[in-house]
Amino acid sequence: GAIDMNRSMFYLIINIGLLWDIQCAVRVAQWKSRYGDQVGCWLRVIGIMEALGSLAVITHIHPDWAYPEIEDQEQVISAGDLGHPLLPPDKCVRNNIDIDNDSCIVTGSNMSGKSTWLRAIGINLVLAYAGGAVCAAKFRCSVMDLYTSMEIRDDLLEGVSTFYAELKRINMILQHSRRGQPMIYLIDEIFRGTNSLDRITGAQVVLRKLSQNGAIGLLSTHDFELCELEKEVWANFRNYHFQEHYTNGSIAFDYKLRSGRCSTSNARYLMKMVGIED
């Protein structure tokens, strides 16, 4: 206490004699007048350097990740051992993908890995376009506009329901596809906020229009009716699925992507597991 008081008295005497506070304020004002317009540029440069530094250290943290090959082809994405960048290596199950001017419909039971697979593709594309390494053994893609419809939420203040918010998002994707620019879409469980009949009919319309407009992408769904689009040769759709298996009455997932349509479901099993259904 006594030391602090002595320091305060010393500072008061110096401040009165030298007008220290006023001098500091004047110097700050002079510096601001001279360099103030450049501060924004400095901060942007620092931000860019931090971002580039983050991208540069990826391969030091994950030496098994690969740098992408950017193609001049219109719409292609091909990867081997592609995984989700944010999952721990011991929990990250990797899969292959090969899309060349076509689209994929991904089915599977709950918790089987559909949404995580779409996110893995989207995040790795962003990393590739940013110039960083990707979570894959090999990765090749063309430059495409990336549009997603995932984790749609309502807006109470704006009076927008979840379904209407998704409609607006899907319409934005359709509008962009009409421009004729290379694009890839990632749509997770389309129109989940409405009844099954309207959902299936609406999803078929959306997918056909996206295909007609030349867009490629992936869509996850529980509606097996959408898998019939694979039979429409002009539409260029392919079916893939994830599946579960049961051991001694317990459910398990291997999170491996397989060709074809899913043939199983686990909703009632999960209901029993949490105690909803006897």
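The values are calculated or read from the model by the stated rules, or taken from the named source; none is laboratory data. Worth saying up front: this structure is predicted, and the values here are computed from it rather than measured. Positions of Cβ are backbone-derived with ideal geometry, glycine not excepted, and every protein chain shown enters the neighbour counts.
Worth a mention:
- Complete set of residues in segment 52-100 that are within 30 Å of ALA235 (Cβ to Cβ) and hydrophobic (A, V, I, L, M, F, W, C): ILE70, VAL76, ILE77, ALA79, LEU82, VAL93, ILE97, ILE99
- Given (1) of a type in the set (A, V, I, L, M); (2) under 29 Å from MET49 (Cβ atoms); (3) surrounded by 15 or more Cβ atoms within 10 Å (Cβ to Cβ), index of the condition VAL126 fails: (3)
- Scan of segment 99-154 for residues that are basic (Lys, Arg) and within 16 Å of ALA66 (Cβ to Cβ), ordered by number: LYS138, ARG140
- Here ARG192 meets the list (1) among the basic types (Lys, Arg); (2) closer than 21 Å to GLY108 by Cα; (3) outside any loop (DSSP other than H, G, I, E, B) almost entirely, failing just condition (3).
- Residues in segment 194-220 that are in contact (Cβ under 8 Å) with a residue 40 or more places away in the chain and surrounded by fewer than 18 Cβ atoms within 10 Å (Cβ to Cβ): GLY214 only.
- Subset of segment 195-217 that is outside any loop (DSSP other than H, G, I, E, B) and among the small types (Gly, Ala, Ser) - its residue that is modelled with the lowest pLDDT: SER196
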